Amino acid sequence: MSTTATHAHDDDHNHAPKGISRWLNSTNHKDIGTMYLVFSVVAALVGGGLSLLIRIELGEPGIQVFDVIGEMMGSEAKQFYNVTVTAHALLMVFFVVMPALIGGFGNWFVPMMIGAPDMAFPRMNNISFWLMPPALILLILSGVMGQGAGTGWTLYPPLSGLAGQPDMSVDFAILSLHLAGASSILGATNFITTILNMRAPGMTMHKAPLFVWATLITAVLLLLAMPVLAGALTMLLTDRNFGTAFFDPRGGGDPLLWQHLFWFFGHPEVYIMILPAFGIVSHIVSTFSRKPVFGYLGMAYAMASIGIVGFVVWAHHMYTVGMGVNYRAYFVAVTMAIAVPTGIKIFSWIATMWGGSISFKTPMMWAIGFIFLFTVGGVTGVVLANAGMDIAMHDTYYVVAHFHYVLSLGAIFAIFAGFYYWFDKMTGKVYPEWAGQLHFWTTFIGVNVLFFPQHFLGLAGMPRRYIDYPDIFAEWNMVSTWGAYLTMTSTVFFLIVTLIVMIAGRKSVANPWGDGATTLEWTVASPAPFHTFEDTPDFTGGNPAAHPAE
Amino acid sequence: MSSGTDFSRRNRRTATTAFVVVAGMVGLTFAFVPLYTLICQVTGLGGTPQVAERNETDVSTQEITVRFDANVDRSLPWDFAPNEASVTINLGAEYLTSYRSTNLSDEAVTGISTFNVTPLKAAQYFTKIECFCFTEQTLEPGQSVDMPVTFYIDPAILEDELANEVQTITLSYTFYRTLDDIPDEEPEIISEADQVITTAQVGSF
């Protein structure tokens with residue numbers, strides 16, 4: 001730790017360690033970013049496969065597949081359906097979206113965007129990543145050991161307590177989240193240190209790219225929220241194994257205490273998943289409109305205020321627990337207040353496009369898709385923010401539709417946008433435009449067919465987390481399942497094309513996007529050399545990556 | 001390399017601050033456990049009634065109805081029900097009621113109860129002076145006892161524009177077997193308790 005890894009190597013810029021130790025012992029932010037991205041894809045395949053199982057099951061009334069699968073897994077159909085839903089949620093939140101946006105793109109591009117040679121603590125970066133595979137293994141064990149953890153990702157006691165699920169499966173889930181949380185905390189510390197201390201000379205915070213801002217705010221949220229989850233999980237673990245009664249009224253505890261602690265973490269967590277997406281989308285919209293982002297400072301401080309207000313709105317997830325009317329009024333008001341900075345962001349993206357020289361390349365399509373879908377999810381979010389509405393819609397498919405529009409469609413679209421935007425930079429290959437467009441349109445149609453009908457099902461009163469439903473809900477569920485098939489086909493197409501392009505794609509150039517791309521990563525070759533910015537770029541005279549005005 | 005050393009010292013300071021924040025948040029999480037109980041007691045959050053040594057309010061002419069509700073967790077082999085379903089009293093007047101508990105099992109059993117009042121906004125005016133729910137209760141095999149509650153409704157409820165429309169307050173208890181008292185093996189007790197639940201819920205709404 002006495003010196004940074006900057007000068008550990010010779011002047012040979014592309015000297016990379018060979019073989020397995022390059023990855024196992026990696027301290028290079030690009031290699032670690034790549035590992036996070038690959039890890040996220042692997043987890044996404046498992047998590048996405050589980051969601052497909054759920055949709056196949058719900059395609060028609062009755063129990064179709066889970067009686068067979070449940071028996072195979074030594075469990076029972078309804079329990080294993082709950083296990084599948086739980087594993088799907090935990091995988092997508094902790095092992096797909098967070099590793100891709102923060103660990104993947106954050107590691108790859110935050111150091112490059114600020115002109116730093118690497119992260120502040122390269123070896124801590126290594127342990128951050130390598131905590132994740134064991135966490136994933138523990139999570140998978142939580143699904144297959146014993147009855148499986150069928151608690152939902154919220155792990156509410158008493159269902160997650162000994163009374164609800166007495167075997168070891170829930171303990172595996174708890175330990176998995178402990179590891180993933182530790183990884184996130186270490187990663188967050190690394191990002192905060194890197195961004196605060198290692199920016200190029202002249203790059204003040206008010207000149208830092210928006211993705212850097214987004215990552216910094218996300219890291220701060222992680223630092224404040226993750227320990228609360230860790231503490232609450234520890235209480236749950238001791239309640240289950242060591243006879244404490246934090247959440248057990250028989251010993252003087254209160255199950256509602258869990259809900260308060262969990263959502264104090266859980267609400268910032270949803271912003272942790274979406275803020276990096278905001279950063280990525282800002283860059284893409286600006287690049288493909290050939291204009292600087294409209295209202296840069298407003299964008300940065302909108303993210304900061306979303307992050308801050310995100311810590312005082314948690315109880316809007318628990319309106320139905322029996323909360324006094326004054327408390328509900330407070331949580332409704334602050335929750336709706338978040339629509340203001342979010343609206344600033346949406347309007348600023350549109351204003352960035354306004355009058356710009358827009359080219360609808362693949363990354364731009366995904367970014368615009370993000371803006372559209374996130375706005376739909378945001379609107380239903382404002383609906384659900386109202387306690388009166390929420391009490392009717394709590395735990396229905398309306399809520400499922402809402403959070404899949406902001407997360408599954410929002411965060412995942414931003415991940416694809418970032419992937420296509422930075423694909424050339426990460427691999428040095430050109431992604432064929434037709435394939436990207438086809439992937440975008442099939443996914444866009446697929447996810448809308450998948451999730452939009454769930455609004456109708458929710459409004460009609462279909463509750464979530466059940467394996468079966470009355471026949472009246474059959475048609476829209478069938479439509480929703482068709483959407484899942486289309487989305488899955490699109491994803492398989494994407495994986496195949498990506499593999500082919502990575503093996504046999506055309507060579508790309510340093511900056512494939514032209515004048516609109518003004519951040520530092522576009523000044524280095526594609527693929528980015530193993531070591532970049534050993535000579536720190538200088539921002540004191542202005543942005544060296546900016547192109548002269550035409 | 002002096003600038004490199006400065007760099008690493010600054011980085012270490014930032015990281016140390018971050019880890020202190022993490023430790024602080026873990027500490028706050030555990031501090032929230034007693035704090036949560038305290039917040040509920042002080043503000044009436046979640047319908048937590050107030051507790052007072054004695055009644056120092058004036059009796060008002062305004063009347064209010066109080067209903068009594070009883071529930072038993074299935075781990076507790078008790079019959080537990082209010083001795084009166086409801087009462088109409090003057091605001092500020094102290095009132096003594098009781099619940100009857102009967103141990104239906106052939107062993108001594110210790111129970112503890114949780115409590116709240118609805119509507120939740122009335123909780124901060126519902127004041128208990130004495131209650132069986134403040135402590136654990138042990139009943140010998142087959143023993144039956146009347147458990148007293150003394151309370152009054154603070155007339156200040158009339159001055160609360162959000163709560164002064166309340167005509168009826170429900171006081172509810174749920175009795176659990178204490179965690180320390182739960183035997184390691186309890187299959188037959190559970191089935192026995194299942195029957196108990198139906199009897200005990202008579203008198204609840």
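Rule-based calculations on the coordinates, nothing more; no lab input. All figures in this text were calculated on a predicted structure; none of them were measured in a lab. Cβ placement follows ideal geometry from the backbone for every residue including glycine, while neighbour counts extend to all protein chains displayed.
So if we plug the beta-carbon distance of A:D395 and A:D535 into 1/(1 + (r/R0)^6) with R0 = 51 Å, what FRET efficiency do we get, rounded to 0.05?
E(calc), rounded to 0.05, equals 0.35.
Going by Cα centres, region A:439-464 and region A:314-390 are how many Å apart?
18
Per-residue Cβ counts within 10 Å, from other chains only, averaged over B:109-117: what number is that?
Going residue by residue through B:109-117 and averaging, the value is 1.
Grab the other residues whose beta carbon is less than 10 angstrom from that of A:L162, score K and R as +1, D and E as -1, and report the net.
-2
Along its three principal axes, how long is chain B when you only count alpha carbons? Whole Å, largest extent first please.
84, 53, 27
Tell me the mean residue ellipticity at 222 nm calculated for the protein assembly as shown from its helices only (DSSP H runs of n ≥ 4, each -39500 (n - 2.57), averaged over every residue, nearest 500).
-17500 deg cm²/dmol
Based on the Cβ-Cβ distance from A:I500 to A:Q437, what FRET efficiency comes out when R0 is 22 Å, to the nearest 0.05?
With R0 = 22 Å, the Cβ-Cβ based efficiency is 0.85.
Residue by residue through region B:92-98, what is 3J(HN,Hα) from phi via Karplus (6.51 cos²θ - 1.76 cosθ + 1.60, θ = phi - 60°)? Round to whole Hz and write x for glycine and proline.
So the Karplus estimates, Gly and Pro as x, are x, 7, 7, 9, 10, 10, 8 Hz.
What is the distance in Å between the Cα centroid of region A:213-291 and that of region B:28-54?
Using only Cα atoms, the two centres lie 24 Å from each other.
Could you sort the peptides A:289-301, A:268-280, A:532-544 by per-residue average Cβ neighbour count (10 Å cutoff), highest mean leading?
A:268-280, A:289-301, A:532-544
Please compute the average number of Cβ atoms from other chains found within 10 Å of each residue's Cβ in peptide B:8-16.
Values: counts 7, 2, 5, 11, 6, 2, 10, 10, 2.
The per-residue average across the peptide is 6.
Put +1 on the Cβ of every Lys and Arg and -1 on every Asp and Glu Cβ in chain A; which of A:V313, A:A435, A:F246 then has its Cα farthest towards the positive end of the dipole?
A:A435
Would you mind counting up the charge near B:R100? Only other residues with Cβ under 12 Å from its Cβ, with Lys and Arg at +1 and Asp and Glu at -1.
With Lys, Arg at +1 and Asp, Glu at -1, the net is -3.
Hey, what did chain B get for relative contact order, percent, Cα under 8 Å, at least 6 apart?
28
Could you work out the mean count of beta carbons from other protein chains within 10 Å of each residue's beta carbon in A:220-233?
Counting other chains' Cβ atoms within 10 Å and averaging over A:220-233 gives 4.
Let's test the formula: R0 of 45 Å, r as the Cβ-Cβ distance of A:I445 and A:Y301. What FRET efficiency results, to the nearest 0.05? Kindly include the intermediate steps, with their values, before the conclusion.
Values: r = 36 Å, r/R0 = 0.80.
It comes to 0.80.
What's the angle, to the nearest 10 degrees (0 to 90), between helix B:187-200's Cα axis and the longest principal axis of chain B?
60
What helices does chain A hold that run 24 Å or longer along their axis, going by alpha-carbon atoms, with a Kyte-Doolittle average of 0.0 or more, using DSSP H for the helix calls? Show your work: numbers first, answer last.
Numbers: long enough: A:29-58 (42 Å, 1.25); A:169-197 (42 Å, 1.18); A:210-241 (45 Å, 1.67); A:255-289 (51 Å, 1.00); A:362-385 (33 Å, 1.79); A:433-459 (39 Å, 0.65); A:474-504 (45 Å, 1.38).
Span-like helices in chain A: A:29-58, A:169-197, A:210-241, A:255-289, A:362-385, A:433-459, A:474-504.
Of B:P77, B:V20, B:G44, which is farthest towards the positive pole of region B:1-101's charge dipole, taken about the Cα centre with +1 and -1 on the beta-carbons of Lys, Arg and Asp, Glu respectively?
In region B:1-101, that residue is B:V20.
Give the peptides A:146-159, B:31-44, A:200-213, A:325-338 in descending order of average Cβ contacts within 10 Å, highest first.
Final packing ranking: A:146-159, A:200-213, A:325-338, B:31-44.
Need one number for region B:2-43: average projected area of the convex hull over its C-alpha atoms, nm².
3.2
Compute for the protein assembly as shown: radius of gyration divided by Kirkwood radius, i.e. Rg/Rh, restricted to C-alpha atoms, rounded to two decimals.
Details: Rg = 29.1 Å, Rh = 28.4 Å.
When Rh is taken as the Kirkwood radius, the ratio is 1.02.
Note the full-extension length gain between A:A460 and A:I127 as 0.36 nm times their separation in residues minus their Cα-Cα distance, in nm to one decimal.
Extra length available between A:A460 and A:I127 comes to 115.1 nm.
On a 0 to 90° scale, report how tilted helix B:2-43 is relative to the longest principal axis of chain B, with both axes built from alpha carbons and the result rounded to the nearest 10.
Around 10 degrees separate the two axes.
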